[in-house]
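As structure tokens, the structure follows; a few thoughts come after it.
Read-outs throughout are calculated quantities, based only on the coordinates presented, and are distinct from any laboratory measurement. Computed from a predicted model, the values in this text were never measured in an experiment. Here the Cβ is made from the backbone with ideal geometry for all residues, glycine too, and neighbour counts use every protein chain on show.
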Amino acid sequence: MLTLENIHTYYDRIHALKGISLTVEQGEIVTLIGSNGAGKTTTLNTISGILTPKEGTVYLEGERIDHLPAHTVTHRGVVQSPEGRKIFARLTVQENLEMGAFNRNDTDGIASDYERVLSLFPRLRERLKQAGGTLSGGEQQMLAMGRAMMARPRILLLDEPSMGLAPILVEQIFQIILEINSQGTTILLVEQNAQAALQVAHRGYVMETGTIRLSGEAKTLLEDPQVVEAYLGF
Amino acid sequence: MRKTFNIGLIAFAILTYLTLIGLPTRLAGATQPVLAVLLALFVYAVLRGPARETGMGLGQLLQHGLLIGLVAGLLLVVEVGFFNSLLGDGVKIQPVFDQIVPLNMAAMLNVRAGTVLNGEVSPIAYAILALYLALAGVAGGLLVHFTRSGAAGSMRGVHIPGTRWFTILLPFALFAFIYYLGLDGVTTFGNDKNIIRLLLVLMATGSGLFALRAAHAGLEQLIIGALLAVVLLCLPFVLNQFQNSVMNIVFIFVMMGLGLNIVVGYAGLLDLGYVAFFAIGAYVYAFVSAPFSSPYISALLTGMGISPQSPLLGYWSAIPLAMLTAAIGGVLLGIPVLRLRGDYLAIVTLGFGEIIRLFMLNLGDLTNGPRGLLQIAQPTLFGVAPAALTTHLDAQGWIFLLAILGSAVVAFVAIRLNDSRLGRAWVAMREDEDVAQATGIHLVQTKLLAFAIGATFAGLAGQLYAARQVNIFPENFSLFVSIDALALIIVGGMGSIPGVVLGALALKGLPEVLRGVDEYRIVTFAVLLIVMMIVRPEGILPSARRRRELHSEDAELPVDEDEQLEGGHA
């Protein structure tokens, strides 16, 4: 469904991605793990069009989408839930969710997705009229994911959904990721919490300083001695 | 009680300030009523919050009001008495306080200046002053009581039937009084009638906004809005030339404020060079309506065999051109600043405003430089000057009428825009550009549209301004116009349309009432702005969203009164 071929992305002269290739198949959860500065978020930003690769191509179902501006990438069903729970802090929860459907015109579809998001995240229903910024960390993460879901993504790019959350909330968030996936949304999940990510994902890629170091079935990676030593910390 | 006493001291300090800047000299016979109204409003402003929080009863409100009024009044009497005894002894206070002259003191006590000079002021005059202010304090308390259940019933505690109607009927009563004052032969307020009447017009228009807010959304609001509109449209025919000329500038600034409100309030792009588009609108209209005053254009036209003496376009046909040119200016400014945010954006736009002004100043051939463009044509009505149709509408009144209509159109467009997809996109972009982009908003397009639409409104306002001024010069378009427009949005309430109107009334209208103490108005406004930002950072009539931003503790409140208000407007 989504294919990256030999992607090189720069921040001015800093060579951030040094030839990334990866694929995500329809219906999969694929996780991208690695330490700080490995280039995980850069990879997501390159896919979603916020960054433009200097070399390489990104295909979405056979069509090239690198060089498209970010808002048109969203039109095509690639929706990112940004890192650090970036929600519209001063808009209400409801307005945040409505913003997610900004590019859609199908009123009925929006209404049904709205209901779906609220049933995925019952906590949000209780806080519809509250300003986004007044939510707790976990709720904000739910809101960010809910907002991304409102665009009815074909592939959802999740950037560090567990960042800064209490363990119990992390578990909840990953449950919801599984649920979203089981309803038919393909997910590319960037995580530092490698253990949790590999437990929900089908496949995984391990990144290190701008390159893909390892890849494979999530289960295999969980047991891979290199991964265990470097990222799982046993 | 101690706190109330302290508030009385603050009131006294304000009254002393007004005395020291010579306000009584200016107001003459109207001094006591005006000071009383000011004090009542002050009491209202300070007691409103506590009354809302603690659910103070009527008795307590009156008590507190009376105490504030008494403290301020008695201290003022002592102060005036002290000055008077000095003046009566022939001591010259002027080198220290240049406004403390017998005329000033006499106005304060409503006696003749000679009485003060001879030291013959009777104790009764002092007693009346103190009584006036004490009563004003009580009136302020009453006002709190009468309005608290007024505004859409949102205040906690007491709900008194009928008080809502007080808020709704107040503007109409004021307008009726204004009409009465304008009748031939009515000599209330004597020489100060014109000023008082202008003050009343400002207050009536402002209270109209509150009446709209107090009305229930739906039919009631529609009817009251329509009635207010009718009354407002009658004003230009009723007011005199001076009052009209003040009111038309107020409404020209409403148009401008609404435009800037889109750029700053909706889209969050801090634009300090907004005057540029105002200037473009004004100059474009000047070029087409008075081509002869521009050496370059008149030479060009002569070369083409067209006489530069007659206007190329009339007022109405020039509107699209002025708006379009301003919009192009907006896009031209927008493109280079696309990537800038916050402070950097403010600095670049500031520069842009100055560049346009310097162009006007130095492109001597085109703009006639500092000598300006002269004899700009007046707007007509189907080719006829309105003065030829009715004797009740003077030139300034005609401009005022056009400014009201222009403001209405601009406000309508602004409301519709706010509710549109584009409005949504602006808000999202203001909140967070990155996330906005991630939800599929085209940032470049959205930003440029904000600049262009904001500029269009300013162009429209500028054109009317050029017609009003007849002659325009580069110095009409200084940085202060931008600052004024920005300040009125901040005072009124960013992002809120009623707020813009209220801000324009307060910032462009009130200074005209206080013309006599003009040199202090910048200081006064600086203080006012600082106090505003501390006490009520969201402005006087904020939009619901803005209030939420600045008072997040109220965030759980479901629908708030302003939301109803704006919904009702739309």
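Key figures
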{"quantity": "Rg and Dmax [Cα atoms of the protein assembly as shown; Å; Rg one decimal, Dmax integer]", "calculated": "32.1, 106"}
{"quantity": "Residue among B:G259, B:G342, B:M323 farthest towards the positive dipole end of the range B:240-569, charges placed on Cβ", "calculated": "B:M323"}
{"quantity": "Mean Cα-pair separation over length for chain B, i.e. relative contact order, pairs under 8 Å, 6 or more apart, %", "calculated": "17 percent"}
{"quantity": "Stokes-Einstein D in µm²/s, Kirkwood radius over Cα pairs - the range B:230-289 at 20 °C with 1.002 mPa s viscosity", "calculated": "158 µm²/s"}
{"quantity": "Whole-Å distance, taken between Cα centres, linking the range B:213-273 and the range B:5-32", "calculated": "30 Å"}
{"quantity": "Given charges at Cβ of Lys, Arg, Asp, Glu: the protein assembly as shown dipole, positive-most of B:A436, B:S482, B:P33", "calculated": "B:P33"}
{"quantity": "Per residue Cα convex hull volume in Å³ - calculated over chain B", "calculated": "174 Å³"}
{"quantity": "Relative contact order [Cα under 8 Å, 6+ residues apart], chain A, whole percent", "calculated": "28 percent"}
{"quantity": "Cα Rg, Dmax (largest Cα-Cα span) when computed across the range B:2-148, Å", "calculated": "16.0, 52"}
{"quantity": "Tail fraction, Cα-Cα pairs, the range A:1-105, threshold 20 Å, whole percent", "calculated": "44 percent"}
{"quantity": "Share antiparallel - DSSP beta bridges, the protein assembly as shown, percent rounded to 5", "calculated": "55 percent"}
{"quantity": "Cα-centred dipole magnitude for the range A:1-119, charges only on beta-carbon of K, R (+1) and D, E (-1), debye, nearest 20", "calculated": "540 debye"}
{"quantity": "Pairs of Lys in chain A closer than 18 Å at Cα, counting only those 8 or more apart or on different chains", "calculated": "4"}
{"quantity": "Positive-end residue, the protein assembly as shown charge dipole about Cα centroid, Cβ charges, pick of B:G273, B:Q445, B:F97", "calculated": "B:F97"}
{"quantity": "Per-residue [θ]222 nm for chain A (sum of -39500 (n - 2.57) over DSSP H runs n ≥ 4, rounded to 500)", "calculated": "-10500 deg cm²/dmol"}
{"quantity": "Fraction of the pair-distance distribution of the range B:240-569 above 38 Å, Cα-Cα pairs, percent", "calculated": "15 percent"}
{"quantity": "Nearest-20 debye value, the protein assembly as shown charge dipole, Cβ charges on Lys, Arg, Asp, Glu", "calculated": "1580 debye"}
{"quantity": "Residue order, fewest to most surrounding Cβ atoms within 10 angstrom, among B:I441, B:I7", "calculated": "B:I7, B:I441"}
{"quantity": "Whole-Å semi-axes of the range B:194-353's equivalent ellipsoid (Cα gyration tensor)", "calculated": "35, 26, 14"}
{"quantity": "Size-normalised alpha-carbon gyration radius of chain A, reference 2.2 N^0.38 Å", "calculated": "0.98"}
{"quantity": "Order of A:R147, B:R341 - criterion: other Cβ atoms within 10 Å of each residue's Cβ, fewest first", "calculated": "B:R341, A:R147"}
{"quantity": "Ellipticity estimate at 222 nm from DSSP helix runs (n ≥ 4, -39,500 (n - 2.57)) divided over chain B, nearest 500", "calculated": "-22500 deg cm²/dmol"}
